[in-house]
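Written below as structure tokens is the structure these notes are about.
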Amino acid sequence: NVPNDQADKLLLASWGLPKAILEKYHSLGVVQMFEWQAECLMLGQVLEGKNLVYSAPTSAGKTLVAELLILKQVLETRKKALLILPFVSVAKEKKSYLQ
């Protein structure tokens, strides 16, 4: 669980993302994360590029965790990232969404 003193970590705005990215998420109704998503981002040195393995049911929000990790790494290191998705339909949706 996310400690009470870090409850603000549930808000996307607390992760240092640029305003344009936050506005895009907000326009899609994504303003905050579930506790388990914030926990994933706060584990160990995940934000510094260390590995993370997590599992959740279909449509639980796994992709959001991956997107946030990728966005933070790309923006902070100015390096490219590769996002591999399991289905063509999901890949097309994310391509449109991330552009």
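The values are calculated or read from the model by the stated rules, or taken from the named source; none is laboratory data. Everything quoted here is computed from the prediction, not taken from an experiment. All Cβ positions, glycine included, derive from the backbone under ideal geometry; neighbour counts span all protein chains shown. Just so you know, the surface numbers come from the protein's heavy atoms only, side chains and all, with ligands and any DNA or RNA stripped out. Shrake-Rupley method; radii C 1.70, N 1.55, O 1.52, S 1.80 Å.
For the reader, a short list of remarks on this structure follows.
- A crude spin-label estimate for the pair T77 and A91, with each label 7 Å from Cα along the Cβ direction, gives 2.3 nm.
- Cβ-placed point charges (K, R +1; D, E -1), dipole of the chain about Cα centre in debye, nearest 20: 540
- Its alpha carbons give the chain an Rg and a Dmax of 13.4, 41 Å.
- Protein accessible area in the chain, 1.4 Å probe - carbon and sulfur %: 56
- Extreme residue, positive dipole direction of the chain, given options A91, L69, A20 (C-beta unit charges): A91
- The residues of the chain have, on average, 71 Å² of accessible surface per residue, using a 1.4 Å probe with all protein chains present.
- Helix-only [θ]222 nm of the chain, DSSP H runs n ≥ 4, -39500 (n - 2.57) each, per residue, nearest 500: -13500 deg cm²/dmol
- Spin-label pair W36/D8, simplified geometry with 7 Å Cα→Cβ offset, distance in nm: 2.7
- Based on C-alpha pairs under 8 angstrom that are at least 6 apart in sequence, the chain has a relative contact order of 21 percent.
- In the context of the full protein assembly, L83 retains an accessible surface of approximately 60 Å², using a probe radius of 1.4 Å and ignoring ligands and nucleic acids.
- Of the trypsin sites (Lys or Arg not before Pro) found in the range 19-95, those in coil by DSSP whose Cβ has at most 15 other Cβ atoms within 10 Å are K50, R78, K79, K80.
- Here the gap between L43 and I84, fully extended at 0.36 nm per residue and compared with their Cα-Cα distance, gives a gain of 12.5 nm.
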